[in-house]
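Student: Sharing a structure here in structure tokens format.
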Amino acid sequence: MGTIASENAERFGDKIAFYHKDSKSGSWLPITWRETNEQVVRMAHAFLAYGLKPGDKVGIFSQNMVEIIVVDLALQAIRCVSVPMYATQSAEQVDYIVKDANIEIIFTGEQYQFDETVKVIANNSILKKVVGISPAIDFKGLAQAVRYDEFLKLGDGKPELHTEYENRQKQLNLEDLSILIYTSGTTGEPKGVMLTAGNASQALKIHKQRMISVLSKGCTSMSFLPLSHIFERGWTYMCMMSQMPVYVNTNPKEIQKTLKEVRPNCMCAVPRFWEKVYSGVHEKLDSFPGIIRKFANHAIEVGKEYNLGHLMVNKKPSAWLTLRYKFYDKTLFHMLRKAVGVDKGVMFPVAGAACSERVNAFMHSVGINFVVGYGLTETFATVSCYPVENGGYVLESAGELMDGYEAKIDPTNNEILLKSPTITPGYYNKPEANRETFTEDGFFRTGDAGRIIEGGRYPQIVIVERIKELFKTSNGKYIAPQQIEMLLDGDKYIDQSCVIADGRKYVTALLVPEYKQVEDFAAENGITYNSREELLANAKVNELFTQHVKEAVAKLAAYEQVKYFALLPEPFNMDKGELTNTLKMKRKVINQHFADKIEAMYQN
């Protein structure tokens, strides 16, 4: 069996594989499959010259770059293992991974990653070599450091290495450990998820079956999520398999600008990205004069009726409804999509966290093919997703089960149990965790509570809550915090929320406002202030939030509704340990950091 790079070089030759942005000109430069494969083979030779043996592990500590894709593919080609790390991880986190996975060589993207690795290498006897990808990295005299271009030269002029390379290619098999991805560790010690070549092969096969109608359209894609995230990595693999050119976005903070430059057909993202888009669009709509705002709201209702009221449930819309929708689709909706940079969009996969129904419905209403899905690192991404073109699914679900999956519900706690060839063989160096994670009959315990909707083309998965995050109040009532947070985060005045209820007599919440919206409210109501803290303490602002919180949770049971809240002047922060690298909340840390505010809400 060959590699994606070698097979695509043979099939596609001089067709474009990737685009990368030139730092000097700002232009997007193409890289062909022939060029990509040449770089992959050369990197594989360098690894062989360095002395890597089958099963050896190499760390990749970088933001998205074409170079890390080359490194990843080269490691696969010689039966070695890539260990991706998030570009924002700390020296402490990297040190843990290096020691657990026994990593001798690590690739660092830019200065931050290099500097954190320097801290690791000072107290770590395992790590021997640091490869700096960006030419701008200051090595600061580190003897173990080498530049990417110099490392590439290790195998040059050594034809015997190609013989070894070809031998490794012949030995490739589906049982080979291919990737070792460490989980974020929201509730405990990170675990290394082992993913094999067979897991990847099956995942690509079932994705191609489900999405062939899109993959055959000659689309382009944007790589925005970190490639250390299994969602982006799996999607990028699928793009490569389907000859879909990928624009590699290196700086996530520039994505709004990059989208408008590139206007890709596809891009996977977490719900948080689209929540920001939703808030921005509504802020713009709210600024329109009354009659135009009324027209826009009517258009959105028409879009909702057409896409959700008819197409989603396989009902044929009337000629009049179709005519009105097509008018709005070519005018207002096109304008909205163009403003975001998704006017050429074909499909936008969304996963990684619970998705607000409000945001979901809006995106579909304005003609954005919002393909919500559910998956885990342990399942090599997608377990279920919306159909990419057809209706017949339920909006609250995370889509239809992928081919080859068996799913059932544990009756004791409603946990979703799965079986599939895509699922990890287990956690690295964690025999006890492996025993707890798999049932006696071989089903994987997802840790997610949910239910299955039968009766359609495929069963549909509905996610209720992470089981470990279910709260029990002092009155014995169970609370699903993510469900409440999803409702709160859908409000235009709320950016982030963290629900408090475990062991408490009622539900409260820490709220991070959408500061721009609150500042606009203050300007409209003549509220003056000297600091953000003073603004959030204003009585009118608190009345505003009281009203909006009440409306957001109105449909919940009385014991689930938020009784008190505290407004925070700063958002939850990854650098302070309050968020994981995938932007999930670390509730224990947040509870510690805001203990005084939390206790104040329970003194009433």
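The values are calculated or read from the model by the stated rules, or taken from the named source; none is laboratory data. No experiment lies behind these values; they were computed from the predicted model shown. Cβ atoms come from the backbone with ideal geometry, glycine included; neighbour counts cover every protein chain shown. Side chains are part of the model used for accessible areas, which takes the heavy atoms of the whole protein and leaves out ligands, DNA and RNA. Shrake-Rupley method; radii C 1.70, N 1.55, O 1.52, S 1.80 Å.
Student: Between Asp502 and Lys205, 0.36 nm times their residue separation minus their Cα-Cα distance comes to what?
Tutor: Values: separation 297, 0.36 × 297 = 106.92 nm, distance 4.23 nm.
Net length gain for the segment: 102.7 nm.
Student: Next up: Do any chymotrypsin sites (Phe, Trp or Tyr not before Pro) in region 531-604 lie in a loop, going by DSSP, with at most 16 other beta-carbon atoms within 10 Å of their beta carbon, and if so which?
Tutor: Numbers: sites: Phe545, Tyr559, Tyr564, Phe565, Phe572, Phe594, Tyr602; in loops: Phe572, Phe594, Tyr602.
For chymotrypsin sites (Phe, Trp or Tyr not before Pro) across region 531-604 that sit outside H, G, I, E and B with at most 16 neighbouring Cβ atoms in 10 Å, the list reads Tyr602.
Student: Further question: Could you work out the local net charge near Lys260, counting Lys and Arg as +1, Asp and Glu as -1, over the other residues with Cβ closer than 14 Å to its Cβ? All intermediate terms of the calculation are to be shown ahead of the outcome.
Tutor: Values: positive: Lys21, Lys257, Arg263, Arg337, Lys338, Lys344; negative: Glu254, Glu261, Asp343.
Result for the local shell: +3.
Student: Once the Cβ-Cβ distance between Gln111 and Phe327 is put in as r, and R0 is 60 Å, what FRET efficiency do you end up with, to the nearest 0.05?
Tutor: Numbers: r = 51 Å, r/R0 = 0.86.
The pair Gln111/Phe327 has a calculated efficiency of 0.70.
Student: Ok, one more. Once you sort the root eigenvalues of the Cα gyration tensor of region 272-322 as a ≥ b ≥ c, which label holds: rounded (a/c under 1.5), prolate (a/b larger than b/c) or oblate (the other case)? Walk me through the numbers before you get to the answer.
Tutor: On the way: a/c = 5.26, a/b = 1.50, b/c = 3.51.
In terms of gyration-tensor shape, oblate.
Student: Ignoring everything except DSSP H segments at least 4 long, calculate the 222 nm mean residue ellipticity for the chain; use -39,500 (n - 2.57) per segment, divide by total residues, nearest 500. It would help to have the intermediate numbers written out before the result.
Tutor: Working: 22 runs with 241 residues, N = 604.
Helix contribution divided over all residues of the chain: -12000 deg cm²/dmol.
Student: At 0.36 nm per residue, and after removing the present C-alpha to C-alpha distance, how many nm does the segment from Lys99 to Glu524 gain when stretched out fully? Please report the intermediate quantities before stating the final value.
Tutor: On the way: separation 425, 0.36 × 425 = 153.00 nm, distance 5.59 nm.
Going from the current span to full extension adds 147.4 nm.
Student: Per residue, how many Å² of accessible area does the chain show with a 1.4 Å probe?
Tutor: On the way: 26530 Å² over 604 residues.
Per-residue accessible area for the chain comes out at 44 Å².
Student: For the pairs Lys550/Lys588; Lys516/Lys555; Lys57/Lys128; Lys21/Lys344; Lys304/Lys330; Lys208/Lys338, note any where the Cα-Cα span goes beyond 22 Å. Show your work: numbers first, answer last.
Tutor: Working: Lys550/Lys588 26 Å; Lys516/Lys555 27 Å; Lys57/Lys128 13 Å; Lys21/Lys344 20 Å; Lys304/Lys330 16 Å; Lys208/Lys338 28 Å.
From the list (Lys550/Lys588; Lys516/Lys555; Lys57/Lys128; Lys21/Lys344; Lys304/Lys330; Lys208/Lys338), the Cα-Cα distance tops 22 Å for Lys550/Lys588; Lys516/Lys555; Lys208/Lys338.
Student: Rounded to the nearest 5, what % of DSSP beta bridges with both residues in the chain are antiparallel?
Tutor: Values: 44 of 78 bridges.
Around 55 percent antiparallel, to the nearest 5.
Student: Further question on the same structure: Placing +1 at every Lys and Arg Cβ and -1 at every Asp and Glu Cβ, with all other atoms neutral, what dipole size does the chain have around its Cα centre, in debye to the nearest 20? Can you show the working numbers first?
Tutor: Values: 70 positive and 72 negative charges, 234 e Å.
Here the chain has a charge dipole of around 1120 debye.
Student: Would you work out what percent of the accessible area of the chain, with all protein chains in place, is carbon or sulfur (probe 1.4 Å)? Mind showing how you got there, number by number?
Tutor: Details: 13460 of 26530 Å².
Ligands and nucleic acids excluded, carbon and sulfur reach 51 percent.
Student: Something else now. Once the Cβ-Cβ distance between Lys477 and Ile453 is put in as r, and R0 is 25 Å, what FRET efficiency do you end up with, to the nearest 0.05?
Tutor: On the way: r = 26 Å, r/R0 = 1.03.
Result of the calculation: an efficiency of 0.45.
Student: If the cut-off is 20 Å between C-alpha atoms, which aspartates and glutamates fall inside it for Lys53, apart from same-chain ones fewer than 8 positions away?
Tutor: Partners found: Asp72, Asp100, Glu104, Asp156, Glu160, Glu164, Glu166, Glu175, Asp176.
Student: For a paramagnetic label modelled at 7 Å from the Cα of Glu551 toward its Cβ, which residues of region 478-510 fall within the zone defined by backbone nitrogen distances under 12 Å?
Tutor: What the label zone holds, given the 12 Å backbone N cut-off, is 491-494.
Student: Can you tell which of Ser531, Tyr50, Met335 lies farthest toward the positive end of the dipole of the chain, using +1 and -1 charges on the Cβ of basic and acidic side chains (Lys, Arg; Asp, Glu)?
Tutor: It is Met335, whose Cα lies furthest towards the positive end.
Student: Just to be sure I understand: of the beta bridges DSSP finds with both ends in region 159-300, what percent are antiparallel, rounded to 5?
Tutor: Working: 5 of 10 bridges.
Counting only bridges with both partners in region 159-300, antiparallel ones make up about 50 percent.
Student: List, in order, the whole-Hz ³J(HN,Hα) value for each residue of region 493-505 obtained from phi through the Karplus relation with A = 6.51, B = -1.76, C = 1.60 and θ = phi - 60°; use x for Gly and Pro.
Tutor: 8, 10, 8, 9, 9, 9, 7, 10, 6, 4, x, 9, 8
Student: Rg(Cα) of region 186-235 divided by 2.2 N^0.38 Å? Don't jump to the answer; show the numbers that get you there.
Tutor: Details: Rg = 14.0 Å, N = 50, 2.2 N^0.38 = 9.7 Å.
Expressed relative to 2.2 N^0.38 Å, the Cα Rg reads 1.44.
Student: How large is ³J(HN,Hα), in whole Hz, for each residue of region 100-112 in order, when computed from phi with the Karplus curve 6.51 cos²θ - 1.76 cosθ + 1.60 and θ = phi - 60°, using x for Gly and Pro?
Tutor: 5, 8, 6, 8, 9, 9, 9, 9, 10, x, 9, 4, 4
Student: Between Asp410 and Ser25, 0.36 nm times their residue separation minus their Cα-Cα distance comes to what? Write out the running numbers ahead of the final one.
Tutor: Working: separation 385, 0.36 × 385 = 138.60 nm, distance 5.61 nm.
Here the segment from Asp410 to Ser25 would lengthen by 133.0 nm.
Student: Moving on to the next point. For region 195-202, what does the Karplus curve 6.51 cos²θ - 1.76 cosθ + 1.60, with θ = phi - 60°, yield as ³J(HN,Hα) per residue in whole Hz, taken in order and with x for Gly and Pro?
Tutor: Residue by residue, region 195-202 yields 10, 9, 4, x, 4, 5, 4, 5 Hz.
Student: So, counting K/R as plus one and D/E as minus one, what does the shell of residues with Cβ under 13 Å around Trp33 add up to? Mind dumping the intermediate values first?
Tutor: Values: positive: Arg11, Lys15, Arg34; negative: Glu7, Glu10, Asp14, Glu35, Glu38.
So the surrounding residues net to -2.
Student: With each pseudo-label sitting 7 Å past Cα toward Cβ, what's the Glu570-Ala122 distance in nm, one decimal?
Tutor: 2.4
Student: At a probe radius of 1.4 Å, what is the per-residue accessible area of Arg293, in Å² to the nearest 10?
Tutor: Counting only protein heavy atoms, Arg293 exposes about 80 Å² to solvent.
Student: Continuing with the same structure: Could I have the simple spin-label model distance between Asn591 and Asp156, label points 7 Å from Cα toward Cβ, reported in nm to one decimal?
Tutor: Output for this residue pair reads 5.7 nm.
Student: Let's test the formula: R0 of 30 Å, r as the Cβ-Cβ distance of Leu285 and Val464. What FRET efficiency results, to the nearest 0.05? Working shown, then result.
Tutor: Values: r = 32 Å, r/R0 = 1.06.
With a Förster radius of 30 Å, E is 0.40.
Student: Report, to the nearest 10°, how far helix 160-171 tilts away from the longest principal axis of the Cα atoms in the chain, using its own Cα long axis and a range of 0 to 90°.
Tutor: Approximately 50 degrees, to the nearest 10.
Student: I've got another one for you. Between Lys140 and Lys253, what is the label-to-label distance in nm when each label sits 7 Å out along the Cα-to-Cβ direction?
Tutor: In this crude spin-label approximation the distance works out to 2.0 nm.
Student: Shifting gears a bit: P(r) tail for the chain, what percent of Cα pairs lie past 44 Å? Intermediate values should be presented prior to the final figure.
Tutor: Details: 37834 of 182106 pairs.
The proportion of pairs with Cα distances above 44 Å equals 21 percent.
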